[in-house]
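Everything below concerns the one structure shown next.
Just so it is clear, none of the values below were taken in a lab; they were calculated from the coordinates. Computed from a prediction, not measured in an experiment: that's the story for all the values here. A quick note on method: Cβ atoms are made from the backbone with ideal geometry, for glycine too, and the neighbour counts reach across all protein chains shown.
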Amino acid sequence: MKSEVRAVVIGGGVVGCSILYHLAKIGWTDVALIEKNELTSGSTWHAAGGMHTFNGDANVSKLQKYTIDLYRELEALTGQSCGIHANGGLMLAANEGEMDYLRLVASRARYLDMETEIIPVAEAKRRNVLIEEKYFTGALWRSDGGHVDPWGTTHAYAAAARKLGAEIHRFTRVTGLSQRPDGSWDVATDKGSIHAEHVVNAGGLWAREVGRMVGIELPVLAMEHHYIVTEAIPELEGLDKEIINTTDFSGEIYVRQEGKGALLGTYEHNCTPWSVDKTPDDFATQLLPDNFDRIAPELEVGFEHFPAVGRAGIKKSINGPFTFAPDGNPLVGPVKGLPNFWVACAVMAGFSQGGGIGLTLSRWMAEGDPGADIMAMDVARFGVFATPRYTKAKVIENYRRRFRLAFPNEELPDARPLRRTPIYGRLKKAGAVFGANFGLEHALWFAPPGVEPVENPTYRRSNAFPYVKAECLAVREAVGIYETSNYGKYEITGTGARAWLDKLLACKLPRPGRMAIAPMLNPQGRIVGDLSIACLALERYLLIGSGFAEAYHLRWFWQQKPPENVHVRSAASTLTGFSIAGPNARTLMQRLVREDLSPDAFKLFAVKETAVGMSPVIFSRAGFTGELGYEVWTTPDFQATLYDEIFEAGEDLGLRLFGGRALSSLRLEKGYGSFNKDFRPDYTPAETGLDLFIDFKKEGFTGRDAALAERERGPKRRLAVLEVDTDTEVIGYEPILKGGKVVGHVTSGGFGHYVGKSLAIGYVKTEHHEDGATFAIDIFGEDRPAILRAAPLHDPNGGRLRG
Ligand SMILES: Cc1cc2nc3c(=O)[nH]c(=O)nc-3n(C[C@H](O)[C@H](O)[C@H](O)COP(=O)(O)OP(=O)(O)OC[C@H]3O[C@@H](n4cnc5c(N)ncnc54)[C@H](O)[C@@H]3O)c2cc1C
């Protein structure tokens, strides 16, 4: 064993081996993998090996496609068979909701350039003879996917890595990790120590224990999972090819051929977490005892939906553990506060995702950037709120829902409410229907008296539609109040703050008493934040951004190495706030502040530390609705008083609560993009239009060179707002078509209640980006006409905003 390497990968499952291969491929050949047992000995060896491209996040789908396509390459490179069965996939729907989901998948596949087809059940039966037709209404066929041999695939990665010079040490246990002052790591093993510049935690079932070696508690938990393999099934005899791997949503079952029999597995409701507090050291290639009682209800349904499987005897059954994060996607990337420590764990679909994780993590380590938008897999999508107890509740919820439809307007109920602001009870009393953002409850809309505060999960317009409309109209015609506590908030202070922020942000920094829109770029010139910055004093700033991105942004700030005279502090739980917006907002706020709020005295983007009513606040003229508006920030102890005083002052002005759904509609009417939807690290300033807020005259800000070069070249695609002729709104990642060809994709959308139009935001190729250009958007399988609107549909000149 070498005593010095560039990187040590801990864990020889499919994920660790893929990372090792990709590191070597990118040129880091001086790397070692350490495995405490035999390769594959965690959850990898007993996997069913299924692979597919579908994921709620289109970028993850692309990486899954990369993974699946890689297997043939690995085989050619190493001669090691991956045991590829490229059978393709079938997804069965049993009701209209499930059909909608399949149509959405097919629509997104057009954008992703993946081959799919909606087919009748009879055709699905032709492709999988085991299906009992009467239980289903339709199906989606996809060309990619199938299954591989877990052992062969893992060893193919390992062989490819070895060929490039990487080392693999089996039967060697990592026992401790300690960091040197230069950020490199001493990796202690039971066979000696290795010094490595970087360490990767690909510990799978033991990822928590490896995390604990460096003092972190990763939000990951293993669940038991059962599948059965049957004896030979007569119906499969004599077929010229294997049946297509099939997912049955209503039965929560997956079925595929295994030899002459079938393999059937389920994500059972009555599920069991495994080793909740600590994974046993000595667990390796054991299985867990069968527990057919646990899966009996789902098996019963499975045997009805696939009767020939029920008639065959069970040859083998597997009950094994594998890991999940609270939302079912992997945890990948660097960890704030731990230089050169990387995680790649909670991978519940290693054979669909292992290759993509290896590719992006190796780029991130070697080049400082994952090279693709992987926010949906980024470990930083969880913050301190993801405690072990929260993780357990969410992992169980996620496991149970693995094959349930995830509706775009659905808010999952478990482990809630977790974080609450002081006015939670008041909002609840006012009929709030809540969502959770980074664990914090926030109002989505308000059910008026007599209406049950519950939203029906649907892909179409929900029961909330008329109530959201009423909220939007109140904002546009009178005044509304929205709780902004779920925004990301950061205090940056210190004598070095201004200089550090000047480099961090691409905008011209505001002078004291002013705010600015502040794009934040990575060195590749891509958007890592669309923040706003308030300069309270030359050495004190408040940054405001997306609440979802709080841990992501805090990690980014840390990576930009604030010097000792700069203090960066999250204000997530120490500042609560409101947005007050609408034509009556000035009259309302003037009743509560002593400052003169007339348009010339307190202009758009003015900010002041003052008092609103009895509460000390940071008070600004800003907002996201496109109306005259103010934002007020105060500490949680004042929030309820502030709320009550604003309400009292607004009673005769038509003040009304509005929630996230209305805010989303209002911002669409103004064409404002939203982080994590329209603005992500996939996009650039010129593509998003955020270049408008960049101070190109300023030297030395991160991403300047790349953004300048792009400005000169011109962007290949541009953000566009489209008016869509439809009675069903877009969801995201639908293709935008011109003459039947894909020329763009949707990033978000909804109904613009004030303008009375269905709207979509997305990116279209620059040559098509002109006012009035016509397109089609595939919404649930129908190509709906869409027109590009270059100017905002509401208040195009911004008179109401600035007035
Ligand atoms: C019954 C079942 C069916 C499944 N079916 C599928 C499927 O069809 N398709 C699919 O994609 N996925 C499936 N999975 C999930 C799949 O198994 C996982 O996604 C995958 O195995 C995760 O791989 P990993 O490398 O992250 O973790 P693991 O396989 O757990 O590997 C981690 C490795 O790290 C090693 N290690 C840990 N700590 C240390 C240490 N301190 N020192 C040295 N080594 C250490 C362990 O020994 C282990 O070998 C299934 C899982 C189960 C249980």
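Okay, here's what the table says:
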read-out: Label-point separation in nm, residue 692 to residue 57, each point 7 Å along Cα→Cβ; value: 2.8 nm
read-out: Length-normalised contact order for the range 708-766 - Cα pairs under 8 Å, 6+ apart - percent; value: 40 percent
read-out: Centroid-to-centroid separation of the range 752-803 and the range 285-315 [C-alpha atoms, Å]; value: 51 Å
read-out: Protection proxy ranking, peptides 563-569, 606-612, 150-156, average beta carbon neighbours within 10 Å, highest first; value: 150-156, 606-612, 563-569
read-out: Nearest-0.05 FRET efficiency for residue 96 and residue 598, computed from C-beta distance (R0 60 Å); value: 0.65
read-out: Calculated FRET efficiency for the pair residue 133/residue 766, C-beta based, R₀ 45 Å, to 0.05; value: 0.40
read-out: Length gained when the stretch residue 180-residue 648 is fully extended (0.36 nm per residue, less Cα-Cα span); value: 162.6 nm
read-out: In nm, spacing of pseudo-spin labels at residue 275 and residue 171 (7 Å Cα→C-beta vector); value: 2.1 nm
read-out: Violating pairs (Cα-Cα greater than 24 angstrom) within the set 428/677; 508/757; 670/765; 125/260; 670/757; value: 428/677; 508/757
read-out: DSSP-assigned coil residues among trypsin sites (Lys or Arg not before Pro) in the range 277-357, each with at most 12 further Cβ atoms within 10 Å; value: 278
read-out: Dipole magnitude of the chain about its Cα centre (Cβ charges: Lys, Arg +1; Asp, Glu -1), debye to nearest 20; value: 1600 debye
read-out: Rg in Å to one decimal, and Dmax rounded to a whole Å, for the range 463-527 via C-alpha atoms; value: 18.1, 52
read-out: Bins of 5 Å, starting at 0 and running to the largest distance - Cα pair percent for the range 1-131; value: 2, 8, 13, 16, 17, 14, 10, 8, 6, 3, 2, 1, 0
read-out: Stretch gain in nm, segment residue 190-residue 162, where the contour uses 0.36 nm per residue and the Cα spacing is subtracted; value: 7.8 nm
read-out: Principal axes of the range 657-770: Cα extent on each, largest first, Å; value: 47, 43, 21
read-out: Estimated dipole of the range 153-294 in Debye, rounded to 20 [Cβ of Lys and Arg +1, of Asp and Glu -1, Cα centre]; value: 680 debye
read-out: Virtual paramagnetic centre 7 Å along Cα→Cβ of residue 787, amide N under 13 Å, in the range 692-736; value: 722-726
read-out: Given charges at beta-carbon only (K, R positive; D, E negative), |dipole| of the range 23-96 in Debye; value: 60 debye
read-out: Tensor-based shape of the range 394-480 (alpha-carbon gyration tensor, a/c under 1.5 rounded, otherwise prolate or oblate); value: oblate
read-out: For the range 1-115: relative contact order, % (alpha-carbon pairs under 8 angstrom, 6 or more apart); value: 17 percent
read-out: Percentage relative contact order, the range 514-577, counting C-alpha pairs under 8 Å, at least six apart; value: 20 percent
read-out: Simple label model, 7 Å out from Cα along Cβ direction - residue 217 to residue 115, nm; value: 4.9 nm
read-out: Length gained when the stretch residue 573-residue 560 is fully extended (0.36 nm per residue, less Cα-Cα span); value: 2.4 nm
read-out: Whole-Å distance, taken between Cα centres, linking the range 142-165 and the range 361-415; value: 25 Å
read-out: Using a Förster distance of 45 Å, the FRET efficiency for residue 429-residue 232 (Cβ separation, nearest 0.05); value: 0.10
read-out: Residues whose placed amide H lies under 5 Å from that of residue 736, excluding near-sequence neighbours; value: 743, 744, 745, 746
read-out: Among 518-529, 584-595, the order from most to least packed when residues are scored by Cβ within 10 Å on average; value: 518-529, 584-595
read-out: Dipole-positive endmost among 492, 535, 504 within the range 476-582 (Cβ charges, Cα centre); value: 504
read-out: Cα-based equivalent ellipsoid of the range 288-342: semi-axis lengths in Å, sorted from largest, via gyration tensor; value: 39, 13, 10
read-out: Order by protection proxy (mean Cβ within 10 Å, highest first), peptides 435-445, 399-409; value: 435-445, 399-409
read-out: Greater than 30 Å apart at Cα, pairs in 278/561; 62/698; 503/716; value: 278/561; 62/698
read-out: Principal axes of the chain: Cα extent on each, largest first, Å; value: 82, 64, 51
read-out: Cα centroid separation, the range 20-58 to the range 684-707 (Å); value: 37 Å
